[in-house]
Amino acid sequence: MEKVLLDTNFLLVPFQFKVDLYEDIQKFGKPMTLDSCIRELETLARRKTKSGLCAKAALILLRVKNLKIEKSPYSSDTAVIEYSNTHSCAVATNDRKLIKRLKSNGIRIIRLRQKRLLVEE
């Protein structure tokens, strides 16, 4: 089964829009993420803001869902692009800047539309 790399932005979506994406994402492949995305969530989780609470919840959900976490020598968006290029996997994200970079690299994108539908681009 093909892998689907979940970006930090996408890991926050279930808490921002109150939708369960883990069932739906399985249609596109086996979900996984990178250690750089986890580090980004941990940094966000230290903040006393709404996004900080969402990041804490996302970290807990990652443990509950037992999501596979791959190591990457890069950080953030570069890690996502490098990993998806190297392993030929789709990327699930709603981050506009990252989507633009992914498209220019010919990488498949899965994103949330209308706050409830996953679509592939």
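Provide the per-residue ³J(HN,Hα) series for region 78-91, in order, calculated from phi with Karplus coefficients 6.51, -1.76, 1.60 and θ = phi - 60°, each as a whole number of Hz, with x at glycine and proline positions.
Ordered by residue, 3J(HN,Hα) equals 4, 4, 4, 5, 4, 5, 5, 5, 5, 9, 6, 10, 6, 10 Hz.
What residues qualify as long-range amide H neighbours of residue 92, i.e. H under 5 Å apart, gap of 5 or more or another chain, H built at 1.01 Å from N?
Excluding prolines and chain starts, which carry no amide H, the hits are 5, 6, 7, 110.
In sequence order, what are the phi-derived ³J(HN,Hα) couplings for region 94-103 according to the Karplus relation 6.51 cos²θ - 1.76 cosθ + 1.60 with θ = phi - 60°, rounded to whole Hz, with x for glycine and proline?
10, 6, 4, 5, 5, 4, 4, 5, 5, 4
Can you work out ³J(HN,Hα) from phi for every residue in region 46-61, in order, using Karplus 6.51 cos²θ - 1.76 cosθ + 1.60 and θ = phi - 60°, giving whole Hz and x for Gly and Pro?
Here the 3J(HN,Hα) series is 6, 7, 9, 10, 4, 5, x, 5, 4, 5, 4, 5, 5, 5, 5, 5 Hz.
Which percent, nearest 5, of DSSP beta bridges in the chain are antiparallel?
25
Using a Gaussian network model of the chain with C-alpha springs under 10 Å, which one of 12, 98, 53 is most mobile by mean-square fluctuation?
53
Any idea how far the Cα center of region 61-81 sits from the one of region 84-112, in Å?
With region 61-81 and region 84-112 each reduced to a Cα centre, they are spaced 14 Å.
With 10 angstrom as the radius, rank 20, 95, 35, 7 by how many other C-beta atoms surround their C-beta, starting from the fewest.
20, 35, 95, 7
Which option, [x] 35, 18, 8; [y] 20, 16, 14; [z] 37, 14, 11, is the value of semi-axes √(5λ) of the Cα gyration tensor in Å that was calculated from these coordinates?
It is the one labelled [y].
Every read-out reported here was derived from the displayed coordinates using simple, explicitly stated rules and does not represent laboratory data. Predicted model, so just to flag it, every value in this text is computed and none were measured. Heads up, the Cβs are rebuilt from the backbone with ideal geometry, glycines too, and the neighbour counts pull from every protein chain shown.
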